[in-house]
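One structure is given below, encoded as structure tokens.
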2 protein chains.
Amino acid sequence: MSKYDKLTTNAAGRTVPQIVNGKEAIPFMGVGKYHPTGRKYAPLIASCIDYPDDGNKVIPTLKEALIRAGLKDGMAISTHHHFRNGDLVAVQIFDIAAELGVKNLTWVPSASFECHSPLIKYLEDGTIHHIEGSMNGALGRFTSEGKMQGLGVLRSHGGRYQAIQDGDVHIDITVIAAPTADPFGNATGDRGAAACGLLGFALADSQYADKVIVVTDNLMPFPCVPWQIQGNYVDYVVAMDIIGIPEKIVSGTTEITKSPDRLLLAEMTAQFCDEAGIVRDGFSFQAGAGGTALSIGVYFAEMCRKRGMKARFARGGSNKYLVKMLEDGLVDYILDGQTFDLEGVRSMRENPGHLNTSPFTSYNFHGKGNFAQFVDVVILGATEVDVNFNANVVTHSDGYLLHGIGGWMNCLMSKCVILPIPLFRDRMPVILDEVTTICGPGELIDVIVTERGIAINPLRPDLIEKLKGSELTIRTIHELKAEAEKICGKPAKPRLTDEVVAVIKWIDGTVIDSVFRVDK
Amino acid sequence: MSKYDKLTTNAAGRTVPQIVNGKEAIPFMGVGKYHPTGRKYAPLIASCIDYPDDGNKVIPTLKEALIRAGLKDGMAISTHHHFRNGDLVAVQIFDIAAELGVKNLTWVPSASFECHSPLIKYLEDGTIHHIEGSMNGALGRFTSEGKMQGLGVLRSHGGRYQAIQDGDVHIDITVIAAPTADPFGNATGDRGAAACGLLGFALADSQYADKVIVVTDNLMPFPCVPWQIQGNYVDYVVAMDIIGIPEKIVSGTTEITKSPDRLLLAEMTAQFCDEAGIVRDGFSFQAGAGGTALSIGVYFAEMCRKRGMKARFARGGSNKYLVKMLEDGLVDYILDGQTFDLEGVRSMRENPGHLNTSPFTSYNFHGKGNFAQFVDVVILGATEVDVNFNANVVTHSDGYLLHGIGGWMNCLMSKCVILPIPLFRDRMPVILDEVTTICGPGELIDVIVTERGIAINPLRPDLIEKLKGSELTIRTIHELKAEAEKICGKPAKPRLTDEVVAVIKWIDGTVIDSVFRVDK
């Protein structure tokens, strides 16, 4: 079977396959243009008669649980990424599969990290056929060089929920690493040695996978509260000595930037939001975990404090700065999708206003609305932006696939999207004629903040109007690009072949772009 | 269309139809004998493009919401019963339907109360074809007299979740009355003028109905926390002046019994549990809201206090006695399915150990286990018991259908089921040769406690062994029956026709018994 077939040009002008790993794929039709038909994936009906009367689902080893779950060639196995670079479970699953001689698996992580690089050997020996999730770092490099047997499929966090819900991806077995769980399979991320805050990225898997295995290093008597994952969805529970490396799960070192350049970007962004009338009593915002984004949150907090205002909610990735805002009464709620530091974990456990959300509540585009769409402002990053405001977060300008999408795409549905980015990185301009890979259509990206000026998308005359007379430097994106090129020269295009190695799914499940093999 | 067809005799020896309201129904095969095949009901895939960008789903009136939801002839409309006899919403729905001339609706309540008696006129004029839920009081009488156009279908709380999940019942429109909600449709029962604690009985409806309408008299800004009902499932939100009568929602007067007879039953039951070794550190129990059951809880609390023990969890219906146990540290958790008084509502809002459960977590037999099955002891009521320990909770000895099943059937899966019942009521013996209607197969009912002695099911030699030498009077069920008949005489059989007016679904969706028309 060929990795892909039937190339076509989609509504974003990109070349994308219509057959991906043997299955039909719908080309991107434009923002809000694809209307899904059909029904959600319907899991098999279970019965209590097939489960232990006393609710004790504990199985001695992960290997035995995988065997009982019917692990076999061609299955899709999923994991969550709440342990980030401290995950000790995902690789074990494929060690077991390899030991059992199982082949052609699909790995469906909610994200991958450097700690998953050992899986390259299983991609090489055919244990794993391809990855549907994210291919970061070494896995991305491996994919970019055309070495993966199947086609990589990248989705946003919300797109992953959508795909599992809609049956675009069927998961045979999910293994949910849980910092605390009970023998029935109720599980939580907010306590235990491997505490990671919440387990929302495993929600879809628990609801829709055929077999659900919970793995924990902190088995407690029923009931495990809160039951972030509900035991009623769980088939087997496995206790093991250690499932994650705490210091790699939550870094504890996420700090606001000390770089003067980044601080400038943060300050300009915060000022922009203020002048645009976004920072007002009851507003809402989402900023990522990078140093710049953290700093913007701190600026927002200062504004609120000085003016006696408060934000209604902030969407997390939570961190100690957001937690301080909450505990200082400067924001009513943190709607959190993942905790980025130990303060976030503590706060989620302790503060009733620190709420556990999931890709279903926050990001799923195939729901009856989601939280992301009514956030007043989101501040995001990008590897590249083009003169049409299209943005890229997965590939670098050398063409290598190195990052996952995360919630980035989903956040583009908010009321105002701002990308604070340096005008160049390592003397490579960041604003281009055309991005290497489109992850976000330009019509959804409102503002680009660079150290040499701010470009407002011409589709937002309201923002342009509000910033008239500002002391901030407002420029066109073409002006910014020209300035960067004046300094660094016109950037070389990445050397790419025409072989597709991965596809990027838009939030509605359509294919917005392809990633091409690099020509080494 | 005939109400029913293809009568057969099921594994409980009862005559049941295999066609119910035109749809196939599976006769009861015995406890744990029916193995479901197939898949859960698959709802239509929604898309954010069909919902307001700002998340505001507020519609001016319930009528407009019902029209937008496509209300038309033959639809199934569901409601929850958390407002009990204080519900002001359900009747309004059918007033609107009647006004619009819509006919042949099926009403799928999670339970009905006296306040729903006005619906009789809609059953008479064809607005409502039949009820799938419970037919209490006047509605039950109406049904028993053969006046309902279709066949009534009674299910337990868990059976209702199962039926909706499995697609046995498809709900076109659900109307969820919510004490507090936000414009996105997030809703909670734990606060607001109509506070009822939780909204778990509406969970299945929110997940599986085609259209979901939330009706509230306390609309608050996003986010409504906790989101017991998730706005991501909701289509429309309606604000109205008043949705429930607070004093009828939570009586505030649920008190332990003062009747010496009932107190004796309670004391004997508690002593039985103690001698059987059930009351021990870390045990779990569920007792209903009746005066006898409440008293048993108080005895358990006293035992725990005296011996320095505590229960691990108590399943609610919560009430002030359970809350006191929780707040006194005599039980770790209340796993609550509905709050029976204001103290229950307060505690659910305030105590982290007072947990919101649903028929999915607690009772659904078509899940991967449920909480009910690992409760150490449940204390339940019954209208009749027979010499095979079969029990009835829906009809009286005159044959009239007067009660719903509630969670009663689901609780039978616990480790020990005790029915404390008086030997006679109004000089009618309660232990019979054969119950009028089987709701609980005798093999699941372990102990009958009466004021004149305790009968242990011969299927539980372990309990018989443990009670040897007890000061409690242990007798056979035949001895108890004989004693009752010696005093009151042999009871007359109810005068029933052979016309089926309703069916009783077992927790696995099969038909365990029929209710027959009374011969007036």
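Structure data summary
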| quantity | calculated |
| --- | --- |
| Total residues in region B:278-301, condition surrounded by 23 or more Cβ atoms within 10 Å (Cβ to Cβ) and without any contact (Cβ under 8 Å) to a residue 40 or more places away in the chain | 3 |
| A:Ala138 being in contact with a Ser or Thr (Cβ under 6 Å, 6 or more places away or on another chain) and more than 20 Å from A:Asp205 (Cβ to Cβ) | yes |
| Top-ranked residue in region B:349-394 [being assigned to a loop (DSSP other than H, G, I, E, B) and hydrophobic (A, V, I, L, M, F, W, C); ranked as nearest to the other protein chains (Cβ to nearest Cβ)] | B:Phe365 |
| Enumeration of residues in region B:369-405 that are buried (at least 24 other Cβ atoms within 10 Å of the Cβ), under 25 Å from A:Asp54 (Cβ atoms) and free of Cβ contacts under 8 Å to residues at least 60 places away in the same chain | B:Gly369, B:Phe371, B:Ala391 |
| Condition met for B:Ser397 (farther than 24 Å from B:Ile507 by Cβ, hydroxyl-bearing (Ser, Thr, Tyr) and part of a loop (DSSP other than H, G, I, E, B)) | yes |
| Filtered residues of region A:284-326 (kept if under 24 Å from the mean Cα position of the chain (by Cα), assigned to a loop (DSSP other than H, G, I, E, B) and of a type in the set (A, V, I, L, M, F, W, C)) | A:Ala289 |
| Number of positions in region A:490-508 that are crowded, with 23+ Cβ neighbours inside 10 Å and in a loop (DSSP other than H, G, I, E, B) | 3 |
| Those residues of region B:136-150 which are closer than 22 Å to B:Ile164 by Cβ, under 19 Å from the mean Cα position of the chain (by Cα) and hydrophobic (A, V, I, L, M, F, W, C), in sequence order | B:Leu139 |
| Selected residue (criterion: farthest from A:Ala239 (Cα to Cα)) from residues of region A:33-50 that are out of contact with any strand residue (DSSP E or B) (no Cβ under 6 Å at 6 or more places or on another chain) and touching a residue at least 12 places away in the same chain (Cβ under 8 Å) | A:Lys33 |
| Out of A:Gly185, A:Gly146, sole residue that is outside any helix (DSSP H, G or I) and under 21 Å from A:Lys520 (Cβ atoms) | A:Gly146 |
| Boolean, A:Val175 is more than 13 Å from chain B (Cβ to nearest Cβ) and closer than 23 Å to B:Ser47 by Cβ | no |
| Residue within region A:48-67 that is out of contact with any Ser or Thr (no Cβ under 9 Å at 6 or more places or on another chain), under 26 Å from B:Leu44 (Cα atoms) and either modelled with pLDDT under 95 or not assigned by TED's automatic domain parsing to the domain that holds A:Ser206 (or both) present | no |
| Matching option when the condition is of a type in the set (Val, Ile, Thr), surrounded by 24 or more Cβ atoms within 10 Å (Cβ to Cβ) and over 30 Å from B:Leu151 (Cβ atoms), among B:Thr450, B:Thr437, B:Thr473 | B:Thr450 |
| Test: residue in region B:261-283 that is within 14 Å of chain A (Cβ to nearest Cβ) and among the β-branched types (Val, Ile, Thr) | no |
| Criterion violated by A:Leu198 - all others in (1) assigned to a helix (DSSP H, G or I); (2) touching an Asp or Glu at 6+ places or on another chain (Cβ under 9 Å); (3) more than 11 Å from chain B (Cβ to nearest Cβ); (4) buried (at least 24 other Cβ atoms within 10 Å of the Cβ) satisfied | (1) |
| Unmet requirement for A:Gly329, which otherwise passes all of (1) part of a loop (DSSP other than H, G, I, E, B); (2) touching a Leu at 6+ places or on another chain (Cβ under 7 Å) | (2) |
| Flag if B:Phe272 is at pLDDT 95 or above and part of a helix (DSSP H, G or I) | yes |
| B:Gly197, sole failed condition from (1) over 17 Å from B:Gly337 (Cα atoms); (2) in contact with a Gly (Cβ under 6 Å, 6 or more places away or on another chain); (3) small (Gly, Ala, Ser) | (1) |
| Residue, nearest to the other protein chains (Cβ to nearest Cβ), within region B:201-222, restricted to residues that are surrounded by fewer than 24 Cβ atoms within 10 Å (Cβ to Cβ), out of contact with any Phe, Trp or Tyr (no Cβ under 6 Å at 6 or more places or on another chain) and assigned to a loop (DSSP other than H, G, I, E, B) | B:Pro221 |
| Counted residues, region B:305-326 - those being touching a Leu at 6+ places or on another chain (Cβ under 8 Å), away from every other protein chain (no Cβ under 14 Å) and buried (at least 21 other Cβ atoms within 10 Å of the Cβ) | 2 |
| Qualifying position, being out of contact with any strand residue (DSSP E or B) (no Cβ under 7 Å at 6 or more places or on another chain) and not β-branched (Val, Ile, Thr), among A:Gly167, A:Gly192, A:Gly197, A:Gly159 | A:Gly167 |
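The values are calculated or read from the model by the stated rules, or taken from the named source; none is laboratory data. Given the structure is predicted, the values throughout are model-derived calculations rather than measurements. Counting neighbours? That spans all protein chains shown, and the Cβs are built from the backbone with ideal geometry, glycine included.
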